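Colleague: One structure, pasted below without further comment.
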Amino acid sequence: MFKNLFKPKWQSAKPQVRIQALQNLNLSDDHDFHILELMAKGDVENEVRLAAIKRIPQRDKLLNLIKQEKDGSVRFAAIEHLIAVLAESGGGIDPVVRDMVLELDGHALAAIVEQTENADLGCLAISKISDEALLEGYAVKLPLALMRQTAAAKLQAEDVLERVVKASKGKDKSVWRICKDKLNALREEQQQEASIEQQLAELCQNLEMLSRLPYDNLYGPKLEHFQKQWQRMQHHADNETIHRFNRAYALCKATIDDISNEQDRLAEETKQQREALQERMAACEQLEEAVRQLSSIAVLQPSDIPALQALLNTQKTRWEEAAGVVEPAADERKRFTRIHGLLQRALDAVRKLGEHDEAIRNAATAVLGLEEATMATLQTKQRQLEKALGDLKWPEELAWPESLKLHQQALDHFERLRSKAKVMEDDAINNIKSIFNELSSEIEQGHLKPANRLLKEASQLVKHLPIKAASGYQKKLRELTLQVNELRDWQGFVATPKKEELISAMESLVGTDMDPQALSTKIRRLQDEWRGLGEADKGRNKELWDRFSAAADQAYEPCRGYFDKLSEVRQVNLDKRKNVCAQLEAYLQQYDWDNADWKAVNEVYNTAKSEWRLYTPVERKEGKKVQDQFNGLLDQLRDRLHGEFERNRVKREKLIEAVDALLEVENLAEAIEQAKSLQRDWRNVGMVARRDDARLWKRFRAACDKVFERRDQQREEVQKERAQNFVHGEHLCEQIEQLAESDLSDVKGARQEFRQLTKRYQDLGPIPRDQQDVIKARFQAVCDQFEAAIVGAEVALRQQGFKELWRRAAICDELEDSLVTANQGDLFGVAPESEWHSEQSMPVGAEAVLQARYDAVVNALKSAQVPTQDQLTENAERLHELCLKLEIAVGVDSPAEDQQKRMALQINRLNDGLTHRGDAVSSHQQVEQMQVEWAGIGPVATADRERFSKRFIAVLEKAKG
């Protein structure tokens, strides 16, 4: 009980007592002020807490108490007290107070507007009021002009604006102007909407008309044009218009799709036909390539059969499959059939050759071994050749194997033998009787030597007689042979005395002093007479010959030394000629004829002939063999030279034709240059035959002179052309200059037109030398002028892009503010689609970022999904960090409380720079990227966004300055 008696009054159970006790507390005393704070925070009675709050003068403590207060009436009264305190202290609105005010409901905000004398606070409260009736009254009746203007700026309804205009006319010019401008803008927007409705109707009508038209080349571009118009205006269309447009668009799209499908079908069909044609051509080319390869090899071997057969099978299948797609032309089928049949015949021929090769060689060798033969023998050999070859037929396009070459040689030799045998048979039939008659006559006249010759000829003729005719003449031949033998015996008896006379004459020459050459001639004449005599008597022929031969040897002894020396000279010359042949043969075999120096070859040819003539005399018999060898080698060398001469003659003929053709070339400079090039080519052509050299050069020089004569005739025309090119260049410079001074809103199109103009300038022909510097300087000047203008246009477009960026960001800000400040159960508005869409482009990457932000807030509005406090805090932190990053990039000082955070960001930025050195961007690009990133950040508490926005924009202004 005593305890209750001495309890302080501020702890009384009666609220009025506690209120009275509060009035007696000393605010300067810490203990009393602590009691006051305790009661302001925790007293159970609303009136007691309010009385305690009203005694506290400190702004910060009042703010904390207002935030902790749960009762709305107490909280409102506390706010009024705080406003009164702030009014006494003066100054702007504290950010914390601003955030608190923005969180109040409509009644509290109205109370602030109606009671405050602080214009900033009043405007802040008005900015959160949306009641048109309240705002109408505020715009007309509030005592502060700034607050009236703020209320007027918030008005939206047309009838309200009309009433305020009427009420403020002549009384408040500022409010009247604000409402008048808004009213005019609203009516202009209404007119635009009416115009857009008409445009939408015309667009739908045009599209419906297009849907009824047949397809042509302009169908697609027209539809694309109508679609682009619709994309610009579709957010103004109602559901009926949207349905109408979509129906007509679907019909047009179906028409295009049908045409596209038909074109695709035709294209696919054409593609298949083209591929089939390519496959068939490839099959033919593959087989033709195989023929070329087979033609280049020495012989097609049996080991090549499997690969070639596989090639034939695969390419035939390839051809037939491609032919099944589309029927090939007759010439194409003929081409494949021919080359396929050729290779098939080649395979068959190789197989059969393997079976007949040995027999063919043997039969051919047997024929080639014959020098001559009777007709009967040849017929036998012919049958052997035919039997060995059988039905083998070798394709002409392929190289012949050795056995077939041998067989052909045998056939050629056989024909020669048969012709010879036929001639001999005919001669035998025609001459056998006359030979027999002549032989009988010679026997009767005692001419042994002619009789021996005729007998031998008769024996040969009988061999070549046909079998049926030969038997009758063989009997006559035996009779004549007996008569010749008898004549030989008789003449031996007569020849003995004559031979003894010759022996005496030869013996008389032994030891004479005659000239060796004359002595040699005398001895040779006696030897010839000896040979002209027949045989001596039987038994004495050898004796007489030995005596005659011994006498001839003794008589010739003085000549031997002379002729030995002459023989040595002839042998030396012969050896030298053989050496020339050996050198020439080695030269022909070892020389690289693919890379021949034909001048050197011609010199070798002439040198060989000169040296050959130096080495004479030589032995006649051996010399003839060497001479024949030399002639053959020289012929080979001459053939090669003549081949080169002929090739070079053809080249020079072609050069002459090429120069003649230059007379028809219209471009004189090109013709002159080609003529000079052809003259260089003429000098590079090798030798020709001496008889052709002067004649060809005369023709070539005459043709060149005609070409060069055209140069003088066209000089005047060239000068005129140069002057005209200068005029064209001046005109192009004027066009570039006009382009630089025109509207460059379409930067891409302007650059394209500029490139076309510069390309036309670069394609100009030659210009007079005295005017080249003038036109070049002007062209460079107008190009620089255009580049400067286009850079300015790009800067303006970029600025417009960032204006559009911030405009759309402001739309998102407003929508997100509505979302953040809405109380549970409030109606959410719809997004302003008509304001959102625009044809104005934005910086790179901004379109997707802002569209994502816009879609997110629209979806949240539709679903009434308010962002959480964590989301708001996280986004505010992102804005805060972007402010710091921008201040770092621009070089602006950050607030003192952000210095530590700024240092951490700078350290991270330095680390990123070291890690991604190749990805560095300029500070200007960083600033632009930060603006895009800023515009993409979603919901933030209004106060945070306003606070950070002012800071961010202030730094941007410094960056621009």
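The values are calculated or read from the model by the stated rules, or taken from the named source; none is laboratory data. No experiment lies behind these values; they were computed from the predicted model shown. Note that we place each Cβ from the backbone using ideal geometry, even for glycine, and neighbour counts take in every protein chain shown.
Colleague: Do any residues in segment 28-42 that are within 17 Å of LEU65 (Cα to Cα) have Cβ atoms under 7 Å from those of residues that are surrounded by 17 or more Cβ atoms within 10 Å (Cβ to Cβ) and of a type in the set (Gly, Ala, Ser), where the two are at least six apart or on different chains, and which pairs are they?
Modeller: Partner pairs satisfying both residue conditions: LEU36/ALA52; MET39/ALA52; ALA40/ALA52.
Colleague: Here's a follow-up. In segment 144-163, what count of residues is obtained for those that are in a helix (DSSP H, G or I), out of contact with any Phe, Trp or Tyr (no Cβ under 9 Å at 6 or more places or on another chain) and of a type in the set (S, T, N, Q)?
Modeller: So the count comes out to 1.
Colleague: Hey, can you tell me all the residues within segment 612-630 that are under 12 Å from LYS578 (Cα atoms), in a helix (DSSP H, G or I) and not small (Gly, Ala, Ser)?
Modeller: Of everything in segment 612-630, those that are under 12 Å from LYS578 (Cα atoms), in a helix (DSSP H, G or I) and not small (Gly, Ala, Ser) turn out to be TRP612, GLU622, LYS624, LYS625, VAL626, GLN627, ASP628, GLN629, PHE630.
Colleague: Limited to segment 176-188, what total is found for residues that are of a type in the set (Asp, Glu) and surrounded by 12 or more Cβ atoms within 10 Å (Cβ to Cβ)?
Modeller: 1
Colleague: Assess whether LYS169 counts as being of a type in the set (Lys, Arg), surrounded by 12 or more Cβ atoms within 10 Å (Cβ to Cβ) and without any contact (Cβ under 8 Å) to a residue 12 or more places away in the chain.
Modeller: Yes, satisfied.
Colleague: Here's another thing I want to ask about it. Residues GLU397, GLU358, GLU425: which one is at pLDDT 75 or above and touching a Ser or Thr at 6+ places or on another chain (Cβ under 9 Å)?
Modeller: One residue alone meets the criteria, GLU358.
Colleague: Quick one: is VAL299 within 30 Å of LEU392 (Cβ to Cβ), at pLDDT below 80, part of a helix (DSSP H, G or I) and in contact with an Asp or Glu (Cβ under 8 Å, 6 or more places away or on another chain)?
Modeller: No; evaluated as a whole, the condition is false for this residue.
Colleague: Please indicate, with yes or no, whether at least one residue in segment 633-643 is part of a loop (DSSP other than H, G, I, E, B) and within 28 Å of SER677 (Cα to Cα).
Modeller: Checked segment 633-643: no residue is part of a loop (DSSP other than H, G, I, E, B) and within 28 Å of SER677 (Cα to Cα).
Colleague: Taking the stated definitions as given, is GLN231 touching a His at 6+ places or on another chain (Cβ under 9 Å) and surrounded by fewer than 13 Cβ atoms within 10 Å (Cβ to Cβ)?
Modeller: yes
Colleague: LEU744 versus (1) aliphatic (A, V, I, L, M); (2) outside any helix (DSSP H, G or I); (3) at pLDDT 80 or above: which is the lone unmet condition?
Modeller: Answer for LEU744: the failing condition is (3).
Colleague: Please find, among GLU646, GLU619, the residue that is surrounded by 15 or more Cβ atoms within 10 Å (Cβ to Cβ) and over 42 Å from the mean Cα position of the chain (by Cα).
Modeller: Among GLU646, GLU619, only GLU619 is surrounded by 15 or more Cβ atoms within 10 Å (Cβ to Cβ) and over 42 Å from the mean Cα position of the chain (by Cα).
Colleague: Here is a follow-up. Please determine whether any residue of segment 341-357 is over 28 Å from LEU389 (Cα atoms) and either crowded, with 17+ Cβ neighbours inside 10 Å or out of contact with any Phe, Trp or Tyr (no Cβ under 9 Å at 6 or more places or on another chain) (or both).
Modeller: The answer is no, given that none of the residues of segment 341-357 is over 28 Å from LEU389 (Cα atoms) and either crowded, with 17+ Cβ neighbours inside 10 Å or out of contact with any Phe, Trp or Tyr (no Cβ under 9 Å at 6 or more places or on another chain) (or both).
Colleague: Then there is this: In this structure, is ALA51 farther than 30 Å from LEU819 by Cβ and at pLDDT 80 or above?
Modeller: yes
Colleague: Sticking with this one: What number of residues in segment 675-705 are out of contact with any helix residue (DSSP H, G or I) (no Cβ under 6 Å at 6 or more places or on another chain) and more than 19 Å from TRP598 (Cβ to Cβ)?
Modeller: Number of matching residues: 8.
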